[in-house]
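What follows draws every value from the coordinates through simple rules; no lab data is involved. What you see is a predicted model; the values in this text were computed from it and never measured. Cβ placement follows ideal geometry from the backbone for every residue including glycine, while neighbour counts extend to all protein chains displayed.
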């Protein structure tokens, strides 16, 4: 089955690192994604990782993938107040031979001074 | 390159009415997907269109329908609105069905049903 789970809330101090975790169930998932949603806005694609990779780094963002445990994490270094948003993990799934994305419920990141 | 645009941004309708939402994808993108976002259910996939054909459909009643035009613009229609249809409706475009299947989202249309 297809299911993506995330913790709902994370609070960090400005300047610290944030780690947002996600677990998924579909072992055939080949791509996993992180999206960011700011208040009143749509989702912004932050990064994605292919399942044959275990790490991907892009500036302040580091994605770690543990395929054996079906666990994905997003680390944000030097977290800023502008990083306050909801972060969604998603997995690519196949339905009827076509791609679709399955999203988690989202993790609300609150950054305080 | 302009992003995904959705119109209108906000809409208030009455129970029983119908509504049509519009989405213009990024230039060159041929796939458009629609999602419903609510606080209780999160992001739920409605359907996807590619080259004017519905390729994928989520688990929504037949009151929810859509179409895509030859210029890749898409419309979503909800008939006989219910209070539970109040939500943020998001449209996403991608170049096609190929991997890595990056989807780019519009700002959404917030629909309130009273």
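Worth a mention:
- Sorting the segments B:31-40, B:15-24 by their mean number of nearby beta carbons within 10 angstrom, highest to lowest, gives B:31-40, B:15-24.
- Length gained when the stretch residue A:66-residue A:81 is fully extended (0.36 nm per residue, less Cα-Cα span): 2.5 nm
- Pair residue A:19, residue A:56: separation of 7 Å Cα→Cβ label points (nm): 2.0 nm
- Compactness of chain A is given as radius of gyration and Dmax, 13.7, 48 Å, from Cα positions.
- Rel. contact order, % - alpha carbon contacts under 8 angstrom, at least six apart, the stretch B:1-69: 21 percent
- Each 5 Å bin from zero up to the one holding the largest Cα-Cα distance in the stretch B:52-106 carries the following percent of pairs: 4, 13, 25, 27, 18, 10, 4, 1.
- Relative contact order %, chain A, counting alpha carbon pairs below 8 Å whose residues are six or more apart: 37 percent
- Ranking of A:58, A:83 by count of other Cβ atoms within 10 Å, fewest first: A:58, A:83
- Kirkwood Rh and Cα Rg combined as Rg over Rh, evaluated for the protein assembly as shown: 0.97
- Rg over Rh, two decimals, chain B (C-alpha only, Kirkwood Rh): 0.95
- Test item: A:37-50 mean partner chain Cβ contacts at 10 Å: 4
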